[in-house]
Amino acid sequence: IVGPAEYLLSMQNFLGRNEGTVRKLALRMGVTDMDWNADTFFAGTMFLARTKALLPLGALGIGREDFEPEQGQRNGTLAHAVERSLIYSARAAELRLAAIDGDWKFGNGSFAFEGRTTFAHVRTPLSR
């Protein structure tokens, strides 16, 4: 899962009333190594992801009827817990989160993790 660095938040600082539900979701996906001090999530759920990273969460069978009615809540709902659980879905799929840092509209960004940044099927490299 790749998202903008400025929206990558600390789980510890923003877990709040979501802790119980996030823990349940993670455990249902088979993740037991949650670390509230080190884990992060992308606020606003703005990211790119491999389908594989989302399959564990999708396999939980969460349906529309499971979500609370939208009333402008800022915390403590299933939607907020799902947002914070994406890291555990990726982890269950043996993948991870990475942050993009920089202004990608002009190609001046860089990934905040090590690894390959050019791919045969991509015409423009991800970093310069």
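Structure data summary
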quantity: Those residues of the range 59-78 which are of a type in the set (Gly, Ala, Ser) and either exposed (fewer than 12 other Cβ atoms within 10 Å of the Cβ) or touching a His at 6+ places or on another chain (Cβ under 6 Å) (or both), in sequence order; calculated: Gly61, Gly63, Gly72
quantity: Leu95 outside any loop (DSSP other than H, G, I, E, B), at pLDDT 90 or above and among the aliphatic types (A, V, I, L, M); calculated: no
quantity: Some residue of the range 13-29 being under 15 Å from Pro56 (Cβ atoms), out of contact with any Pro (no Cβ under 9 Å at 6 or more places or on another chain) and either of a type in the set (S, T, N, Q) or surrounded by fewer than 18 Cβ atoms within 10 Å (Cβ to Cβ) (or both); calculated: yes
quantity: Tabulated pairs, the range 50-67, first on the phi < 0 side of the Ramachandran plot, second open to solvent by 100 Å² or more (accessible area, probe 1.4 Å) and acidic (Asp, Glu), C-beta under 9 angstrom, 6+ apart or interchain; calculated: Lys52/Glu94
quantity: Any hit, the range 107-121, residues being open to solvent by 50 Å² or more (accessible area, probe 1.4 Å), over 16 Å from Met34 (Cβ atoms) and modelled with pLDDT of 60 or more; calculated: no
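The values are calculated or read from the model by the stated rules, or taken from the named source; none is laboratory data. Computed from a prediction, not measured in an experiment: that's the story for all the values here. For neighbour counting, all protein chains shown are included, and Cβ atoms are generated from backbone atoms with ideal geometry for every residue, glycine included. The area values use the complete protein model at the heavy-atom level, side chains included, leaving out ligands, DNA and RNA. Shrake-Rupley method; radii C 1.70, N 1.55, O 1.52, S 1.80 Å.
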